[in-house]
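Step one of this worksheet: look at the structure below.
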Protein chains: 2
Amino acid sequence: MSRPLEGLRVVEFASFVAGPSAGMTLAQLGADVIRVDPLGGNSDYRRWPVDTGSDNSLYWNSLNRGKRTVAVDVRSPEGQELVLALATAPGPDAGIFADNNVGRPWLSHDALAARRPDMITVHFEGHADGRGAVDYTVNTEVGVPDLTGPPETAPVNHVLPAWDIIAGQSLATAVLAAVYRRARTGEGSRVNIALADVAAAWVANLGWLTEVSQRGDRERHGNYMYGSFGVDAVTADGGRLYLVALTPRQWKNLTETTGTTAVFAALAESLGTDFFTDEGRYTHREAVAAIIRPWFAQRTMAEAKTALDAGGVLWGPYQTMRGFTEKFQADPTSAPVLVDLDQPGIGTVISSSAPIRVDEHYTGAAPAHVLGADTDEVLASVLGLSDAELGKLHDAGTI
Amino acid sequence: MSRPLEGLRVVEFASFVAGPSAGMTLAQLGADVIRVDPLGGNSDYRRWPVDTGSDNSLYWNSLNRGKRTVAVDVRSPEGQELVLALATAPGPDAGIFADNNVGRPWLSHDALAARRPDMITVHFEGHADGRGAVDYTVNTEVGVPDLTGPPETAPVNHVLPAWDIIAGQSLATAVLAAVYRRARTGEGSRVNIALADVAAAWVANLGWLTEVSQRGDRERHGNYMYGSFGVDAVTADGGRLYLVALTPRQWKNLTETTGTTAVFAALAESLGTDFFTDEGRYTHREAVAAIIRPWFAQRTMAEAKTALDAGGVLWGPYQTMRGFTEKFQADPTSAPVLVDLDQPGIGTVISSSAPIRVDEHYTGAAPAHVLGADTDEVLASVLGLSDAELGKLHDAGTI
């Protein structure tokens, strides 16, 4: 069975999450992704978390899985020429370059398009006007931390680098959209994605910006779900779980399972509301939580789980990441996308397939190559360099 | 100038964030996205936030921008036949169906592929084994809330539906990857994406699962950035900002700007550490914060901004979402991806281009169509139905 992107070649020169994760996604789907790094690695090469044994970066080695890796002295004209030649190499399914470089005009779209007119470049940046930004700064700017956390705290940053991951997946989409256009029209594309735009676009896409312009800022209300019903509850043995009722059916199942159907019928009558609507459940969320939580306080997590599953309630346990990981280690079917992978330089790591299953198969996981391990092979196979030419480049310290 | 996906047609039958946002992204890039809904709308049709004037959903109308909309009685055999015919309509750039349906076997991949062997289906689901899940429940399962928020609080859910958005962008990538394969090989694809897999894959991709298997659970430490240096600080006039030093250059700029270079040089000597490494800054983050914060406490936000920008410090202000929105309204160039849009049924909304700029142009924003507004036109143009046939379907209540 072929992977969908077999035949496609992408050259990547990027650091941190967005760019490398885009390349990793394309590689998981079968593309030949050639990652270019400066000699010694880019600024993310040692990024935490690091392996306790080797001190190698678990982060770098994870986000660069399944790519070929080329390391060159990008400050030298000879090294720059190699990168330009790789990025613009001929072939209908090559000539695609993704990067997040700042201050490398020799690698601009125009420089590449001068060598290959149908060039596709996808450039990732902080702000569209060139100012720097990272996940953490765009998140505070659009106001998400101000909505996150319990009412009594200062604004809370979420720890997931969500904007970076979203941007990375948008980069992958943009690459393939440009490939589609080129196949139809022969045109190249110059694509730019700014992280600040990603964050602003998605808070707008959820309707949130129009909402605050109409209603003012939303309350910060802890773990309640906005605009419908979701809340956490604690069991007799200290377990914590999250309960969701987004649809009338889910609400019916939740109240029947917790034996509160009659209570809510009477309360709806008394308050003049309808708990089968999002508005009813959301407006009276504190009352709903207070009525539902005692059922959990009287039961162990195991008892609650059995009843919730039997009743068709939508819920999930709060787990620690360690707990989630141990569950996978004890029973790999509990997280079928995860894979134990032998990562050279590190040992066994908990890695992942793409969450995109094609024809019912998970992609599996390929390790990251040691930085620069494919330099000679790529320069020989893609650019046709001879052993003598490679030898000269090694002698000069270019590769 | 052509948009990259002009010529591509995708039929979508999906609700909530992931599926609709994938279709919206493809539509922004130029695809003809035909959204199918049950008569009266799917279960997300009234999802909050809602417009204060009309009570129409700001969420639904935002996530369904730029699509054509067809509403049919999907419980009737005639309605089902229309959906099947639309999804499998001929053409090299059609035959693509994205959905998140549960319990509609007549819409399975096999049912569609029986009518069009090179069919591409992309199905979004909760867990890969068919169990239900939503953003909030997969997030608690993988352990992110346990890492989020100040140490003294219970686990904190982030409010951004990050997994849904990430999944939606993965759906868009998967559609285009399958289109690429079909163009090369003629093969269709059956793609599945489970939300639980998306969450598990990304915590693994960041190296976090291997980390907890080695080191145990990470501390919950509020707004500090993990593994490098980032922290919030408060100015004399009560402004809050976030400071980042991910690279040696950023660290140098931050300490020079705050006049703390000599302090940290002496402290590094005293502690036997190196603040130019991620490990040094992260391990001693509380000392770093304590030394840096007084500079901010002595300055107004405006003074701090001037000095930070002049010094090349990477930082961002904490803003409320209202504050961010008002800044855009006062100066549209402050968030160039955002667009004022006249949304029929609502009025002016703050909408967005795709954060993907092609050839230096933002896509702009097209409104959502009123539910079912394109039914006749689509059935006539795509399926060739006559006025008489459409009239019969109307009379029967099928459309």
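Yes or no: region B:259-268 includes at least one residue that is assigned to a helix (DSSP H, G or I) and buried (at least 18 other Cβ atoms within 10 Å of the Cβ). Walk me through how you get there before you give the answer.
Our first condition is that a residue be assigned to a helix (DSSP H, G or I); within region B:259-268, this holds for B:261-268.
Still in the list and also buried (at least 18 other Cβ atoms within 10 Å of the Cβ): B:264.
Looking for residues that are assigned to a helix (DSSP H, G or I) and buried (at least 18 other Cβ atoms within 10 Å of the Cβ), one finds at least one in region B:259-268, hence yes.
Might you check whether a residue that is part of a helix (DSSP H, G or I), at the interface with chain A (Cβ under 7 Å from one of its Cβ atoms) and free of Cβ contacts under 8 Å to residues at least 12 places away in the same chain occurs anywhere in region B:134-153? So that I can check it myself, show each step before the final result.
Restricting attention to region B:134-153, the residues satisfying the condition of being part of a helix (DSSP H, G or I) are B:135-142, B:145-147.
With the extra rule that they be at the interface with chain A (Cβ under 7 Å from one of its Cβ atoms), the set shrinks to B:136-138, B:140-142, B:145-147.
Next cut, free of Cβ contacts under 8 Å to residues at least 12 places away in the same chain only: B:137.
Looking for residues that are part of a helix (DSSP H, G or I), at the interface with chain A (Cβ under 7 Å from one of its Cβ atoms) and free of Cβ contacts under 8 Å to residues at least 12 places away in the same chain, one finds at least one in region B:134-153, hence yes.
Looking at region B:10-18, can you tell me whether even one residue there is in the same structural domain as B:Gly132 (by TED's automatic domain parsing), closer than 28 Å to A:Ala245 by Cα, touching a residue at least 24 places away in the same chain (Cβ under 8 Å) and part of a helix (DSSP H, G or I)?
The answer is yes; a qualifying residue exists.
Please enumerate the residues belonging to region B:197-227 that are touching a Lys or Arg at 6+ places or on another chain (Cβ under 6 Å) and of a type in the set (Ser, Thr, Tyr).
Selection gives B:Tyr224 alone.
Does B:Thr247 qualify as being free of Cβ contacts under 8 Å to residues at least 60 places away in the same chain and within 20 Å of A:Thr320 (Cβ to Cβ)?
On the way: free of Cβ contacts under 8 Å to residues at least 60 places away in the same chain: yes; within 20 Å of A:Thr320 (Cβ to Cβ): no.
Answer is no for this residue.
Could you grab me the full set of residues in region A:348-399 that are acidic (Asp, Glu), exposed (fewer than 15 other Cβ atoms within 10 Å of the Cβ) and closer than 23 Å to A:Asn42 by Cα?
A:Glu377, A:Asp395
Residues are listed down the side, and each one gets a yes or a no for (1) touching a residue at least 40 places away in the same chain (Cβ under 8 Å); (2) farther than 29 Å from A:Ser2 by Cβ:
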residue	(1), (2)
A:Met321	no, yes
A:Phe324	no, yes
A:Gln329	no, yes
A:Thr333	no, no
A:Asp340	no, no
A:Ile346	yes, yes
A:Ser351	yes, no
A:Tyr362	no, no
A:Val370	yes, no
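Test each condition in (1) more than 10 Å from chain A (Cβ to nearest Cβ); (2) under 31 Å from the mean Cα position of the chain (by Cα) for B:Ala289 and report the one that comes out false.
Condition not satisfied by B:Ala289: (2).
Listed here are the residues, each with its yes/no results for (1) in the same structural domain as A:Arg46 (by TED's automatic domain parsing); (2) not aliphatic (A, V, I, L, M).
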{"residue": "A:Thr325", "(1), (2)": "no, yes"}
{"residue": "A:Phe328", "(1), (2)": "no, yes"}
{"residue": "A:Leu341", "(1), (2)": "yes, no"}
{"residue": "A:Pro344", "(1), (2)": "yes, yes"}
{"residue": "A:Ser353", "(1), (2)": "yes, yes"}
{"residue": "A:Ile356", "(1), (2)": "yes, no"}
{"residue": "A:Gly364", "(1), (2)": "yes, yes"}
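For every residue, the table says whether it meets (1) away from chain A (no Cβ under 12 Å); (2) under 23 Å from A:Arg181 (Cα atoms); (3) out of contact with any helix residue (DSSP H, G or I) (no Cβ under 9 Å at 6 or more places or on another chain).
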residue: B:Gly7; (1), (2), (3): no, yes, no
residue: B:Ala22; (1), (2), (3): no, yes, no
residue: B:Ala27; (1), (2), (3): no, yes, yes
residue: B:Ala31; (1), (2), (3): no, yes, no
residue: B:Arg46; (1), (2), (3): no, no, no
residue: B:Asn56; (1), (2), (3): no, no, yes
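Being surrounded by fewer than 18 Cβ atoms within 10 Å (Cβ to Cβ) and small (Gly, Ala, Ser) is the filter; apply it to region B:1-59 and report the residue that is nearest to the chain's Cα centre (by Cα).
B:Ser43
Give the residue that is nearest to B:Ala199 (Cα to Cα), with candidates limited to residues of region A:169-185 that are touching a strand residue (DSSP E or B) at 6+ places or on another chain (Cβ under 8 Å) and charged (D, E, K, R).
To start, the set of residues in region A:169-185 that are touching a strand residue (DSSP E or B) at 6+ places or on another chain (Cβ under 8 Å) comprises A:170-171, A:173-175, A:177-179, A:181-182.
With the extra rule that they be charged (D, E, K, R), the set shrinks to A:181-182.
Working: A:Arg181: 31, A:Arg182: 33 Å.
If we take residues in region A:169-185 being touching a strand residue (DSSP E or B) at 6+ places or on another chain (Cβ under 8 Å) and charged (D, E, K, R), then A:Arg181 is nearest to B:Ala199 (Cα to Cα).
In this structure, does A:Asp44 turn out to be in contact (Cβ under 8 Å) with a residue 60 or more places away in the chain and acidic (Asp, Glu)? Before you say what the answer is, go through the steps one by one.
On the way: in contact (Cβ under 8 Å) with a residue 60 or more places away in the chain: no; acidic (Asp, Glu): yes.
Judged against the criteria, A:Asp44 is not a match.
Being crowded, with 21+ Cβ neighbours inside 10 Å and touching a helix residue (DSSP H, G or I) at 6+ places or on another chain (Cβ under 9 Å) is the requirement here; does B:Arg65 meet it? Please lay out each step first, then the result.
Details: crowded, with 21+ Cβ neighbours inside 10 Å: yes; touching a helix residue (DSSP H, G or I) at 6+ places or on another chain (Cβ under 9 Å): yes.
In short, yes.
Which ones in region A:272-301 are surrounded by 14 or more Cβ atoms within 10 Å (Cβ to Cβ), out of contact with any Gly (no Cβ under 6 Å at 6 or more places or on another chain) and hydrophobic (A, V, I, L, M, F, W, C)?
A:Phe275, A:Phe276, A:Ala287, A:Val288, A:Ala289, A:Ile291, A:Ile292, A:Trp295, A:Phe296
Is there a residue in region A:68-79 that is over 17 Å from A:Arg35 (Cβ atoms), in a loop (DSSP other than H, G, I, E, B), out of contact with any Lys or Arg (no Cβ under 6 Å at 6 or more places or on another chain) and modelled with pLDDT of 95 or more? Break it down into steps so the answer makes sense when it comes.
First, pick out the residues of region A:68-79 that are over 17 Å from A:Arg35 (Cβ atoms): A:75-78.
Then keep just the ones that are in a loop (DSSP other than H, G, I, E, B); that gives A:75-76.
Restricting the remaining residues to those that are out of contact with any Lys or Arg (no Cβ under 6 Å at 6 or more places or on another chain) gives A:75-76.
In the following step, the residues that additionally are modelled with pLDDT of 95 or more were identified as A:75-76.
Within region A:68-79, one or more residues are over 17 Å from A:Arg35 (Cβ atoms), in a loop (DSSP other than H, G, I, E, B), out of contact with any Lys or Arg (no Cβ under 6 Å at 6 or more places or on another chain) and modelled with pLDDT of 95 or more.
Among the residues of region B:89-110, count how many are farther than 16 Å from B:Gly130 by Cβ, touching a helix residue (DSSP H, G or I) at 6+ places or on another chain (Cβ under 7 Å) and surrounded by fewer than 21 Cβ atoms within 10 Å (Cβ to Cβ).
Just the residues of region B:89-110 that are farther than 16 Å from B:Gly130 by Cβ, to begin with: B:89-98, B:106.
Then drop every residue that is not touching a helix residue (DSSP H, G or I) at 6+ places or on another chain (Cβ under 7 Å), which leaves B:89, B:96-98, B:106.
Going one step further and asking which of them are surrounded by fewer than 21 Cβ atoms within 10 Å (Cβ to Cβ), we end up with B:89, B:106.
Qualifying residue count for the region: 2.
To keep it simple, each residue is scored yes or no on (1) at pLDDT below 95; (2) within 13 Å of another protein chain (Cβ to nearest Cβ); (3) in contact with a Pro (Cβ under 9 Å, 6 or more places away or on another chain); (4) under 26 Å from B:Glu211 (Cα atoms).
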position: A:Ser15; (1), (2), (3), (4): no, yes, no, yes
position: A:Ser43; (1), (2), (3), (4): yes, yes, yes, yes
position: A:Val50; (1), (2), (3), (4): no, yes, no, yes
position: A:Tyr59; (1), (2), (3), (4): no, yes, yes, yes
position: A:Leu86; (1), (2), (3), (4): no, no, no, no
position: A:Pro90; (1), (2), (3), (4): no, no, no, no
position: A:Ile96; (1), (2), (3), (4): no, yes, no, no
position: A:Asp99; (1), (2), (3), (4): no, no, no, no
position: A:Arg115; (1), (2), (3), (4): no, no, no, no
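So, A:Arg249, is that one within 30 Å of A:Val17 (Cα to Cα) and more than 7 Å from every other protein chain (Cβ to nearest Cβ) or not? Before the answer, list the steps.
Numbers: within 30 Å of A:Val17 (Cα to Cα): no; more than 7 Å from every other protein chain (Cβ to nearest Cβ): yes.
No.
Suppose the filter is β-branched (Val, Ile, Thr), closer than 30 Å to B:Ala354 by Cα, in contact with a helix residue (DSSP H, G or I) (Cβ under 9 Å, 6 or more places away or on another chain) and modelled with pLDDT of 95 or more; does A:Thr210 pass it? Break it down into steps so the answer makes sense when it comes.
Details: β-branched (Val, Ile, Thr): yes; closer than 30 Å to B:Ala354 by Cα: yes; in contact with a helix residue (DSSP H, G or I) (Cβ under 9 Å, 6 or more places away or on another chain): yes; modelled with pLDDT of 95 or more: yes.
For A:Thr210, the condition - β-branched (Val, Ile, Thr), closer than 30 Å to B:Ala354 by Cα, in contact with a helix residue (DSSP H, G or I) (Cβ under 9 Å, 6 or more places away or on another chain) and modelled with pLDDT of 95 or more - is met.
The values are calculated or read from the model by the stated rules, or taken from the named source; none is laboratory data. Just so you know, these numbers come straight off a predicted model, no measurement behind them. Every residue, glycine as well, gets a Cβ built from its backbone with ideal geometry; the counts of neighbours run over all protein chains shown.
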